[in-house]
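Peer 1: The structure follows.
Where a number appears in this text, it was derived from the coordinates with a stated rule and is not lab data. For clarity, every value in this text was computed on a predicted model and none was experimentally measured. Cβ atoms come from the backbone with ideal geometry, glycine included; neighbour counts cover every protein chain shown.
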Amino acid sequence: MIQGIGASSGIAMGKAFVLPNWEWDVPDQKIDVTDLAREFERLYEGIRSSKREIEQIKGELADVVGSEERSIFDAHLAILNDPVFMNEIQGIIKRQYKAAEAAVKEAIDHFVTMFDLLDDEYMKERALDIKDVGNRLLKHLLGMPEISLPTDTQPFILVAREVSPSQLVHLNPQHVLGIVTITGSMTSHASIMARALGLPLVTGLDVPLESLAETGDMMIIDGDAGIVIPRPTEEQIRVYTEFQRRQSEHRSRLRRLAGVRSVTPDGKEIALEANISSLKELEVALSSGAVGVGLFRTEFLYMDRHQFPGEDEQFEVYKAVAEKLAGRPLIIRTLDIGGDKNLDYFEIGEEDNPFLGYRAIRICLDRPDLFKTQLRAILRASAYGKVKIMYPLISSVEEVRAANRLLEEAKRELQAEGVPFDPNVPCGIMIELPSAVTIADLLAEEVDFFSIGTNDLIQFVLAVDRMNERISRLYQPFHPAVLRMLRMTVDAAKRRGIHVGVCGEMAGDPRALPIWLGLDVDSISMSSHSILPIKERLLHTHRSDSIDVLNRLWECRTAEEAIRLLESFRLSVEARMEEAEAKGKPASHERSAPADKSPDAGLPAAEPGIRNSARTAGTAGAS
């Protein structure tokens, strides 16, 4: 048994296929000075072919994954457009008289070595993106095919030193049981893709690839606990077969909860809503029992294209979502680009601190033409459902008023044109900046609802870049400062009598459930796969107990103290759920350990609930 990082949940058992070295062998070929123009043209044609291929991949992914996963390939296009990367290749061709493929290989090695030397996990992961893009370019320059995977229908576990997003795109999930990589992390692009494809993934193994497995070896991987078991014993296979069976049973039990109201035993109801980016995601959300959409990210409409979407195109999408919801609430967040979400056709420019820069509502107010186009489309869709408008990254009352002035202009225009819309469409804001929290009482007088975006709020309150692995330990959702910010926001909303919800990653964290119950929030919105597990816990959690926990939580001086308290409460709820399960009621957690499970079976002795919480704490669900 080998311990690694569980980067994508689930259990896989089957024969391993060890992916061979995916770097091309490139001869260090020299050219004559008269061949320079030809080599540059070969390079440019290789770049054009690579770009076309990446655009094709993005198109193929449109119906498979969300905009976040497709944006990985925007990063790859950015590398091909990066003048530093291209200048390095061109300089090698020009100065050393090397063939285009030799120059590309040398440039790849240069940047990868440079990034690998940095004590920064994020930069090491970007080195893999450089290799991925560079190898795609080399493939075209050398005229080589893709590295092929087994073509028979026998499913396998893919084992590799590292796997690139490009390779994952070409995997058939029906033939791949799971993935094991030696290098990687929770935030790597490969991990993000694996989660989107629903493939268990264990990464970060401190063993050489050659000693881990050979093609054809039997293997078990546990993406929840981050465990790999090469060449398992019959007993280990039996135990994990039982795990899989119980997982399947639990998923069936959860599906039966889809139509059950989300009410605590003592009568507190919280609306469980979904964060979505597309109609496809909405279908999954509704099948999971979502009672509405608490966050419709409209950025996906603006991505994977060459110009801004027009009013009619946006209207048709918003209308389709509203009609599909059939009277359930739909909160549409206005355009939230900038920071880490940029458009190829909209030049923001280089910024020292893009997360603090030209983004979200700041762009919209600076470009009223773009903003009003979207507002008109949303207003038109409001005639077909229970639509609400939400502004992101609000920091002041002035911004809310400026946005609402444009909204009123759009209403007057549509009214003059005789276009139907809801004149009383509710309008709210995301609370994700400390400035918004501290003036929440003032903002509550300007809007109809609050939605707390915990991802950015934590990031800004603690001054921690949540994507920076070097300081990721400082990104603490249960830091006392964050908890106080949550209380201030909810208190301000309650005093004013407006709706208050949560739409960040904390909404789907089971440890945080007593916080929302204790604070008496009205709704929590999360990724679709979190809705039923959260509902199951809510059905077994008393609000009165949550209030007691919350009162003790305010006394915690550190995040560690808060987590201990919340973990203890979570385990007590799980015990109650297990007792209910034993009586034939819904089960408690995604995995129930077999009664005869023991360390002697080659498995970790930790409680399954603890393993589940560790997985949940690392799951991506950014708003």
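Peer 1: Would you work out which of ALA492, ALA512, SER435 lies farthest towards the positive end of the dipole of region 434-517? Charges go on Cβ: Lys and Arg +1, Asp and Glu -1.
Peer 2: ALA512
Peer 1: Can you find, among PHE300, VAL400, PRO368, the residue farthest towards the positive end of the dipole of region 298-425? Put +1 on the C-beta of Lys and Arg, -1 on that of Asp and Glu.
Peer 2: Most positive-ward Cα: VAL400.
Peer 1: Further question on the same structure: Expressed in nm to one decimal, what extension gain is obtained for the pair ARG564 and ASP206 from 0.36 nm per residue of sequence separation less their Cα-Cα distance?
Peer 2: 126.0 nm
Peer 1: Sort 425-433, 86-94 for me by packing, meaning the mean count of neighbouring Cβ atoms within 10 Å per residue, highest on top.
Peer 2: Top to bottom by mean Cβ count within 10 Å: 425-433, 86-94.
Peer 1: In whole angstrom, note down how far apart the Cα centers of region 389-419 and region 203-271 are.
Peer 2: The two parts, judged by their Cα centres, are 47 Å apart.
Peer 1: So, one more: Which far-off residues, 5 or more places away or on another chain, put their amide H under 5 Å from the one on ILE227, with H placed in the peptide plane?
Peer 2: GLY4, ASP222
Peer 1: Moving on to the next point. Could you tell me the relative contact order of region 298-425? Use alpha-carbon pairs under 8 Å, at least six residues apart, and round to a whole percent.
Peer 2: Result for region 298-425 is 31 percent.
Peer 1: If you take the C-alpha gyration tensor of region 179-271, multiply each eigenvalue by 5 and take the square root, what semi-axes do you get, largest first, in whole Å?
Peer 2: That gives 34, 19, 10 Å for the three semi-axes.
Peer 1: Can you pull out the chymotrypsin sites (Phe, Trp or Tyr not before Pro) in region 355-449 whose DSSP state is coil and whose Cβ has at most 15 other Cβ atoms within 10 Å?
Peer 2: Counting only loop positions with at most 15 other Cβ atoms within 10 Å, the chymotrypsin sites (Phe, Trp or Tyr not before Pro) in region 355-449 are TYR358.
Peer 1: Taking θ as phi - 60°, what are the ³J(HN,Hα) couplings along region 127-136 by the Karplus curve (6.51, -1.76, 1.60), each to the nearest whole Hz, with x for Gly and Pro?
Peer 2: 4, 5, 5, 4, 5, 4, 5, x, 5, 5
Peer 1: Pop the C-beta distance of PHE355 and GLU41 into the FRET formula with R0 = 41 Å and round what comes out to the nearest 0.05.
Peer 2: Calculated transfer efficiency: 0.55.
Peer 1: If you put +1 on each Lys and Arg Cβ and -1 on each Asp and Glu Cβ, how big is the dipole of region 344-388 around its Cα centre, in Debye rounded to 20?
Peer 2: 660 debye
Peer 1: Taking a ≥ b ≥ c as the square roots of the Cα gyration tensor eigenvalues, with a/c under 1.5 meaning rounded and otherwise prolate when a/b beats b/c, else oblate, which class fits region 298-425?
Peer 2: Prolate, because a/c is 1.5 or more and a/b exceeds b/c.
Peer 1: When ranked by the protection proxy of mean other Cβ atoms within 10 Å per residue, highest first, what sequence do the peptides 484-492, 372-380 form?
Peer 2: So the peptides 484-492, 372-380, ranked by packing, come out 372-380, 484-492.
Peer 1: Suppose every Lys and Arg Cβ carries +1 and every Asp and Glu Cβ carries -1, with no other charges. What dipole size does region 342-464 come out with about its Cα centre, to the nearest 20 debye?
Peer 2: Here region 342-464 has a charge dipole of around 520 debye.
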